[in-house]
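One structure is given below, encoded as structure tokens.
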Amino acid sequence: MAAETKIDSFLAQRRNMVEAQLRARGIRHERVLTAIVQFAFFGAGKKAGAVDFSHPILAEHLAAGYALVLLRRAAERLAAVADASGLSRAATLKASVRQALGTAKLEPGSVFCRTLQRGLLRQAPLAAVIEGAHGLFNRDERQLAASVDLLRQTPAR
């Protein structure tokens, strides 16, 4: 009986994570969401009551999906302030790309990179954000500059 309660609790945590994190990031395919809840893609989180991804490929794919959401928001902000000064646009581009891509090295061929490239190929405003960020990062931000350059290359097929 206690084991069933623990399993039910873990299933409830997984369902809550799907609602709070996956749907919020734009993942809407019911079959994908059901598979994520039913299979062991989650593990115990670092904090009490938290659940983390235990599957690295899924984690990379979801992180890339969230990065695309952040780039979409940046494209919308830039469109809303089309008449803003060049400095304001540059600052918005840099901050948005920094938030979306993070500071880790973007590995060519990784699930994260390929998912981003496919998203940029399908959504021209997002590709315009990456294109606009080209050349904005200084020497101290070489990693971000390299990530932007990589994403500007031929998209994944």
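Remarks
- Cβ-Cβ FRET estimate between D149 and Q21, R0 fixed at 41 Å, reported to 0.05: 0.85
- If you wrap the tightest convex hull around every Cα atom of region 58-152 and split its volume per residue, you get 79 Å³.
- Each of R152, R139 has some number of other Cβ atoms within 10 Å of its Cβ, and from fewest to most they run R139, R152.
- If R0 is taken as 41 Å, the Cβ-Cβ distance between D140 and R118 corresponds to a FRET efficiency of 0.85.
Just so you know, all these numbers are worked out from the coordinates, no wet-lab data involved. Everything numeric in this text was worked out from a predicted model, so none of it was measured. For neighbour counting, all protein chains shown are included, and Cβ atoms are generated from backbone atoms with ideal geometry for every residue, glycine included.
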